[in-house]
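The values are calculated or read from the model by the stated rules, or taken from the named source; none is laboratory data. Source: prediction; values computed, not measured. Virtual Cβ from ideal backbone geometry, glycine too; neighbours counted across all protein chains shown. Accessible surface areas use protein heavy atoms only, side chains included; no ligands, DNA or RNA. Shrake-Rupley method; radii C 1.70, N 1.55, O 1.52, S 1.80 Å.
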Amino acid sequence: MIEPIILFFVLGITAGLVRAELRLPGPIYDFVSILLLLTIGLKGGIELAKQPFLILLPQILVVFVMGLILPLIAFPILRQLGKFKRADAASIAAHYGSVSVGTYAVAAAFMETHNIYFEEHMPLLLVVLEVPAILVGIVLAKGLTKETQWGSVAHEVFAGKGVVLLLGGLFIGWIAGSDGLDSIKPLFFDLFKGILALFLLEMGLIAASKISSLHKYGLFLVVFGVGMALLSAVIGTGLGLLLNLSVGGTAILAILAASASYIAVPAAMRISVPEANPTLSLTASLGITFPFNVLIGIPVYYELAVRAHAIFGA
């Protein structure tokens, strides 16, 4: 049976492609995004309260390194095979080293629907993955120069809506604990899938608008958007095994690795690499990789984790 929330995404893409007069009003989309980000953070914070931070430190460090490595893999592919300009290649690479909150939300819903356990501190790792790829992308585009506005970049990254809400939710969930959040559970937890469905409807509409931008680099971006997601998922699966994560946790890490940012990185690149063409990176991340992951990739990555644990697991 197809997950209903996926059908909302399909509806959004279909409506966008036929140019239907459908769009979530801006304030509604902002409200949905805020609820989604806070809920993910709250769930992670509840789990974080159950275990000492030092136990999670190895996972945090490994995931941070993964965020540094993925754009370094993507960059030469984009430069040598795709023949992109340096700034564009660096910007796209940064998107693919970072992470998509929307993809994580769909993955969490997939795990919940199929009763698959995964370590619920994954939102913490999601936040960790937002940062390193941005730094690498800037260095790849410009090198280490005095002209780089690191203060502005840091503000855009750490004071951006996504990171503030995720970290804020983590902190609230950590302090309040599961029992303390009972009073707000109906809004944030019980309605999670409904909120996610509306979010995916809007994402489908946006993805359809980006697909129409495939011109000069269209075929290459399609191959890269799918191929990079699959390669990154393999890397994430290997690291999940290394960190002794559960099958579900390994799948989530693979999904995080396979996703591509369309919120934090575009904002940071706009400040630090303004010469990069944002249409290229958003077309790849939101028009190709996001739909692929939501419609096909997530169950594939889970099956990859299952097989990897069966072969290499203890």
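Do we have Tyr104 as within 24 Å of Ala197 (Cα to Cα), part of a loop (DSSP other than H, G, I, E, B) and at pLDDT 85 or above here? Let's see the steps before the verdict.
On the way: within 24 Å of Ala197 (Cα to Cα): yes; part of a loop (DSSP other than H, G, I, E, B): no; at pLDDT 85 or above: yes.
So Tyr104 fails the test.
Restricting attention to segment 288-314, which residues are among the small types (Gly, Ala, Ser), surrounded by fewer than 24 Cβ atoms within 10 Å (Cβ to Cβ) and part of a helix (DSSP H, G or I)?
Keep residues of segment 288-314 that are among the small types (Gly, Ala, Ser), which gives 297, 305, 308, 310, 313-314.
Checking which are surrounded by fewer than 24 Cβ atoms within 10 Å (Cβ to Cβ) leaves us with 308, 310, 313-314.
Those that are among the small types (Gly, Ala, Ser), surrounded by fewer than 24 Cβ atoms within 10 Å (Cβ to Cβ) and part of a helix (DSSP H, G or I): Ala308, Ala310.
Picking from Leu230, Leu187, which residue would you name as being open to solvent by 30 Å² or more (accessible area, probe 1.4 Å), within 22 Å of Gly26 (Cβ to Cβ) and not aromatic (Phe, Trp, Tyr)? Spell out how you get there, then give the answer.
Numbers: Leu230 fails: within 22 Å of Gly26 (Cβ to Cβ).
Exactly one residue qualifies, and that residue is Leu187.
Only one residue in Ile69, Ile92 is buried (at least 20 other Cβ atoms within 10 Å of the Cβ), of a type in the set (Val, Ile, Thr) and assigned to a helix (DSSP H, G or I), so which one is that?
Details: Ile69 fails: buried (at least 20 other Cβ atoms within 10 Å of the Cβ).
Unique residue meeting the criteria: Ile92.
Report, by residue number, each residue of segment 75-129 that is of a type in the set (A, V, I, L, M), within 10 Å of the chain's Cα centre (by Cα) and closer than 20 Å to Val273 by Cα.
Val99, Leu129
Can you tell me how many residues in segment 240-275 are in a loop (DSSP other than H, G, I, E, B), modelled with pLDDT of 85 or more and either within 29 Å of His309 (Cα to Cα) or open to solvent by less than 10 Å² (accessible area, probe 1.4 Å) (or both)?
The qualifying residues number 7.
Look through segment 99-133, keep the residues that are among the acidic types (Asp, Glu) and open to solvent by less than 30 Å² (accessible area, probe 1.4 Å), and return whichever of them is nearest to Met269 (Cα to Cα). Step through it out loud before you land on a result.
Filtering segment 99-133 for residues among the acidic types (Asp, Glu) gives 112, 119-120, 130.
Right, trim to open to solvent by less than 30 Å² (accessible area, probe 1.4 Å) and you get 119, 130.
Values: Glu119: 31, Glu130: 13 Å.
Per the criteria, the residue is Glu130.
When Gly16 is evaluated against the numbered criteria (1) over 29 Å from Ala93 (Cα atoms); (2) modelled with pLDDT of 85 or more; (3) more than 21 Å from the chain's Cα centre (by Cα), which criterion, by number, is the only one it fails?
(1)
Quick test for you: out of Lys50, Lys43, pick the one residue that is part of a helix (DSSP H, G or I), of a type in the set (Lys, Arg) and more than 16 Å from the chain's Cα centre (by Cα). Outline the logic, then answer.
Working: Lys50 fails: part of a helix (DSSP H, G or I).
One residue alone meets the criteria, Lys43.
Being touching a residue at least 40 places away in the same chain (Cβ under 8 Å), buried (at least 20 other Cβ atoms within 10 Å of the Cβ) and in a helix (DSSP H, G or I) is the requirement here; does Lys193 meet it? Working first, answer last.
Details: touching a residue at least 40 places away in the same chain (Cβ under 8 Å): yes; buried (at least 20 other Cβ atoms within 10 Å of the Cβ): no; in a helix (DSSP H, G or I): yes.
Considered against the rule, which asks whether it is touching a residue at least 40 places away in the same chain (Cβ under 8 Å), buried (at least 20 other Cβ atoms within 10 Å of the Cβ) and in a helix (DSSP H, G or I), Lys193 comes out as no.
So that you can scan it fast, the table gives a plain yes or no per residue for (1) hydrophobic (A, V, I, L, M, F, W, C); (2) touching a Leu at 6+ places or on another chain (Cβ under 6 Å); (3) at pLDDT 90 or above; (4) on the phi > 0 side of the Ramachandran plot:
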| residue | (1), (2), (3), (4) |
| --- | --- |
| Gly169 | no, yes, no, no |
| Gly173 | no, yes, no, no |
| Lys185 | no, no, no, no |
| His215 | no, no, no, no |
| Leu219 | yes, no, no, no |
| Phe224 | yes, no, yes, no |
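Yes or no: Ser232 modelled with pLDDT under 95 and not aromatic (Phe, Trp, Tyr)? So that I can check it myself, show each step before the final result.
Working: modelled with pLDDT under 95: no; not aromatic (Phe, Trp, Tyr): yes.
When the stated conditions are applied, Ser232 does not pass them.
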